[in-house]
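Coordinate-derived values only; no laboratory data. In this text the structure is predicted, and so the values were computed from the model without any measurement. Using ideal geometry, Cβ is built from the backbone for each residue, glycine included, and neighbour counts are taken over all protein chains shown.
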């Protein structure tokens, strides 16, 4: 410690108290930061009887010092020259702005504005607590250097130790040979006792950028190194950051082991890109990219996967998906383009049954102009049809182009009547690979006038609609005109009556409604057999479809009708909140005359009335949800179709679902799924979708999840049908390290899609 001339003491003290007393004062010294000091001990022989007093005149202080410039000091002993160096010993504390440091001894130089500390140094600043045997701090900026420090970063729950540390006073800690973790440990210096931690040659923690950058790093989990890299970065929060993402691991029966090391590029707040370099042991090297953007007028996503020279097929394998939407004022435009290199691409590379079953890929572009009550739209639609083995499907027509002009329902004068009109022109072209068949253009004009009458006790809506079709065809069936057409009117009457009463429902006071509905529909018969089938098919009947004005989809056929549809609905509303708790509906369509328009090749003539339909949906209790639909043959009473789902969810993390689907001679499947804690830390999750008609597993998922305070692990096995007589089996393993990221494939996304009500198992204990 430098020797100081005793004649230059800052204060003349005749006596001091027996214990340190923090007495703040301020100095202006040669433009150095203002310094407020306390002194409680000078020469050892001084009598300790009275408190130290400050003489402002002696110090030359004329005006109060601004709070952001003042430095407050408390110490057992203080001596030196405030213009050159001040020495503080014994329980030293220094505060300036939001910076607080304490130590056994501190030397402060106003020239450099740096405090050098030895013995039990503690720095508290901006949510950080730094401790070390020694170090130095620049009070004005907060820049610090420390030897053998420990640190706590409270905002991100990070903690650890290092051989050396530098802090830039703004946001970044630079650590040499650190251990770092977010796990609970006895103290920050015991970071290597955490369930997981990072050890590295150097580590930067940038709190402003919310990212950590490690060099010569290893991730240690349960005392076992699981990841090593010369450099990697990781987010310290959930916000988007550029850098390598945790690698993913998996194994797939038809491809082998897969290892992916993604790189995420945060291009801008509204743009990003992710690269997916992948090693597939049974096929080779694949590169995938995903680019996303979101601007005030544009939104889109581009995905591209490329696998050169597949070792199994000897061909290049590619997949492209582009989704773009544009909106500005009344103008709308977009692209939805999808293409793969070969018919079997999804069979070989899909990881879900829904993707593997795709057979028709849409390639669409559109432009729209929309006003308050009218719109114009032009689009082109092409397709890629995937033909699998012997399961050949008909290729749909391309629309090159299709133009639509539509007037939305608009009030007619002052009357309570509305009109809607639409006109559409479509040029249907068969794909070049499709067999020879009729093609050409179609024009359709549809107009509808209706008059809704709404009262609290009832509603009544009469309506009149007309559809006119014209065609210009090539390759028409011999003997049929190449320019067929039709004009067909439709009349409908729709009425509902409302009754209500107060009652109870499973112990709850409710308001119950009874809503009988009568719907009459008349469409005269018009022979349309000379019109082609471009986009029309028979729609499966349902409780909602029995109220439709046309029993066919598309615009090539208008079914004749003279029919009455009867239905009744009862709803239960919570008396306090008015929330709909439960509803039940039953209905049937009665044919007053036999339909004569038949879509040949798709349906057979019938004289019967429609089947009877019923649906019940809602909460039986707070934790039980029911959705059930049935379809009964009106003549035989035979069960034609049915779906039922029962869900039980007493609390988060506890979910059981039971489902059954039946369509006579087509579908006979049960579906069981759920998630349930096994213990405080273990949870089971799974799904089983089985076809009893085919005696075959459609899709199965089974897994276990385990959670601790700072990590969780998931092991998920999956098996699903990809094609007739083909199945794919996959295994996903994921280690989630809180504060670092996920290592392994992400089964949470898969489970969210496959298990209704699934929530990722957290680190918090769940009561089994």
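Quick notes
- Along its principal axes, the range 617-693 has C-alpha extents of 54, 28, 9 angstrom, given from the largest down.
- Computed over the chain, relative contact order equals 5 percent, with contacts defined as Cα pairs under 8 Å that lie 6+ residues apart.
- Sorted by Cβ density within 10 Å, fewest first, the residues 676, 196: 676, 196
- Take every Cα pair under 8 Å whose residues are at least 6 apart in sequence, average their separation, divide by the length of the range 243-417, and the relative contact order is 11 percent.
- Protection proxy ranking of 691-697, 349-355 - average other beta-carbon atoms within 10 Å, highest first: 349-355, 691-697
- Distances between every pair of Cα atoms in the chain, grouped in 10 Å steps from 0 to the bin holding the largest one, split as 2, 9, 13, 16, 16, 13, 9, 8, 6, 4, 2, 1, 0 percent.
- For the range 243-417, the average shadow cast by the Cα convex hull is 14.6 nm², which is a quarter of the hull's surface.
- Measuring r between the beta carbons of residue 400 and residue 148 and using R0 = 60 Å, the FRET efficiency lands at 0.20.
- For the range 155-241, a/c is less than 1.5, where a ≥ b ≥ c are the root eigenvalues of the C-alpha gyration tensor. That puts it in the rounded class.
- Which of 100, 754 has the fewest Cβ neighbours within 10 Å, and the rest in rising order: 100, 754
- The order of 422, 492, 504, 709, going from fewest to most other C-beta atoms within 10 Å of their C-beta, is 504, 709, 422, 492.
- In the chain, the DSSP-assigned H stretches of four residues or longer account for a calculated mean residue ellipticity at 222 nm of -500 deg cm²/dmol, using -39500 (n - 2.57) per stretch and the full residue count as denominator.
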